[in-house]
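To start, the structure under review is shown below, and the notes come after it.
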Amino acid sequence: MDRNPTERATEAHAPPDRRRVLRGLGALSLVTTAAGCGAMEGLGDGGGSSAAGPGKSALLLPLSGRQAQLGELLQAAAKLGGGPGIGIDIHDSGDTPEQAVVAARTALDAGAKMLVGPVFSAQARAVAAIAPRSVPVVTLSNDESLAGSGVWVFGVTPTHSARAVLSLAAQRNLRDMAIVVPSGAYGSQSVAATTVLAQSFGIRLRAPLVRDSAAGLVDALNAGGGMPDAVYLPAADATLRPFAQALSGKGVQLIGSTQWSALDLESERAFRGAWFAAPDPLRFAPFKEAFEEAYASEGGIITGLAYDGTELLRVLGQRGQMSRRGLLNDDGFNGVLGPYRFLPDGQCQRGLAVLEVGSGEFSLIGATSV
């Protein structure tokens, strides 16, 4: 992705502070479930094509309705560095399945060979039902149940977070783990992903604790065989801080998901020494700096997805590979959120960093690849 706003931003400013980068990293990371690898070339210049010419494609973004503000941020990310480029159209998918279908039909009638978007689960299902199997749909949602039948899930999923932190836990010989989640879809998806991955990493995962209060949490963990080596708290909702405070000083390793990256954790003693999954701040920082410089607004994970989705369409169009085969390139792709690779079953593998919370800072302690 050229010598562009990314490089100009990093030249114009001192190296970005990890804390400042991380506070914006996950600012919009919760919205997506609601309602060949190589060096990054920088942010796109808005044009250029191979001799074969660019392929036709489209972005489906919620530019009207209740989520119009989100859609404007996503469109801004897509346009960073000069715009989507030749052969990439942007269509308003609104905030309902019906509006998303209208946008998809418009794109398909115009000759789109690949769609990136829509954002929301119900919309993605509706679009998948009317899109030809020959036209891949790369949804920005993080709902893993959407995968398959021509749909690829591009969002940062519970599986991505769990793989990163459980891999490091296994390397550090933390073999007895508990997972504590609030009730709801994200907690259920996190439990399902962690259960599968724990077995593959040789980690004993205790029966999940589904709780909306920290009351009795320590007693419940002790009743499961004493305190575990680690406790995974994937949800960054109102339960997170009470859970962490209840476990503070109990000798367990706290572990979190990419949702933690939306929070200011380094100032709170209960999180000192905790680990969590996140895009590597040093990889994400150039995009975030350029986005803030251009739009005076913080970019989060979802805006990074919109940027990476636009670059995916640009790259495949320039290669003349706007197809399922092009999407499934064995080498994968690099983006501002890190390396990723699409799988035949509709999932997307992602490489993430693991950060440790220190006193006023974060430390990079691990990473996964694809």
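No value in this document is a laboratory result; all are computed from the given coordinates. Here the structure is a predicted model, which means the values were calculated and not measured. Don't worry about glycine lacking a Cβ; one is built from the backbone with ideal geometry, like all the others, and counts go over all protein chains shown.
So what is the relative contact order of the stretch 158-278, in percent, for Cα pairs below 8 Å that sit 6 or more residues apart? If you can, show how the numbers build up before the last one.
Values: 201 pairs, mean separation 34.2, N = 121.
Relative contact order of the stretch 158-278: 28 percent.
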Name the lysines eligible as straight-distance cross-link partners of K56: C-alpha to C-alpha under 29 Å, and not fewer than 8 places from it in the same chain.
-> K79, K113, K288
When the scattering of the stretch 158-278 is computed by the Debye formula from its Cα atoms alone, each counted once and equally, what is log10 I(q)/I(0) at q = 0.10, 0.11, 0.14, 0.17 Å⁻¹?
-> -0.24, -0.30, -0.49, -0.76
³J(HN,Hα) computed for each position of the stretch 305-318 - Karplus, 6.51 cos²θ - 1.76 cosθ + 1.60, integer Hz, glycine/proline x = 5, 4, 5, 5, x, 5, 5, 4, 4, 4, 4, 5, x, 5
Estimated vicinal HN-Hα couplings, Hz - the stretch 275-281 in sequence order (Karplus 6.51, -1.76, 1.60; Gly, Pro = x) | 10, 8, 7, 6, x, 4, x
Using a/c under 1.5 as the rounded threshold, could you call the stretch 279-370 rounded, prolate or oblate? The axes a ≥ b ≥ c are square roots of the C-alpha gyration tensor eigenvalues, and prolate needs a/b larger than b/c, oblate otherwise.
-> oblate
What does the charge add up to near M322, with Lys and Arg as +1, Asp and Glu as -1, over the other residues with Cβ less than 9 Å from its Cβ?
-> +3
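Sort I86, I255 so the one with the fewest other Cβ atoms within 10 Å of its own Cβ comes first. Write out the running numbers ahead of the final one.
Values: I86 16, I255 27.
If I rank by nearby Cβ atoms, fewest first, I get I86, I255.
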For the stretch 120-207, what number results from the quotient of the Cα radius of gyration and 2.2 N^0.38 Å?
-> 1.30
Which net charge results for the neighbourhood of G65, defined as the other residues with beta-carbon distances under 15 angstrom from its beta-carbon, given Lys and Arg at +1 and Asp and Glu at -1?
-> -3
Under 5 Å, built H, 5+ apart or other chain: amide partners of D89 = S57, A58, L59
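Work out how much length S145 to D109 would gain on full extension: take 0.36 nm times their residue separation and subtract the Cα-Cα distance, in nm to one decimal. Before the final figure, lay out the partial values.
On the way: separation 36, 0.36 × 36 = 12.96 nm, distance 2.76 nm.
Length difference between fully extended and current span is 10.2 nm.
So how do T195, T239, T139 line up by other beta-carbon neighbours within 10 Å, fewest first?
Details: T195 14, T239 20, T139 30.
Fewest-to-most ranking of T195, T239, T139: T195, T239, T139.
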Under the Karplus relation with 6.51, -1.76 and 1.60 and θ = phi - 60°, whole-Hz ³J(HN,Hα) for the stretch 207-221, x at Gly and Pro, equal 4, x, 9, 9, 9, 10, 8, 7, 4, x, 4, 5, 4, 5, 5
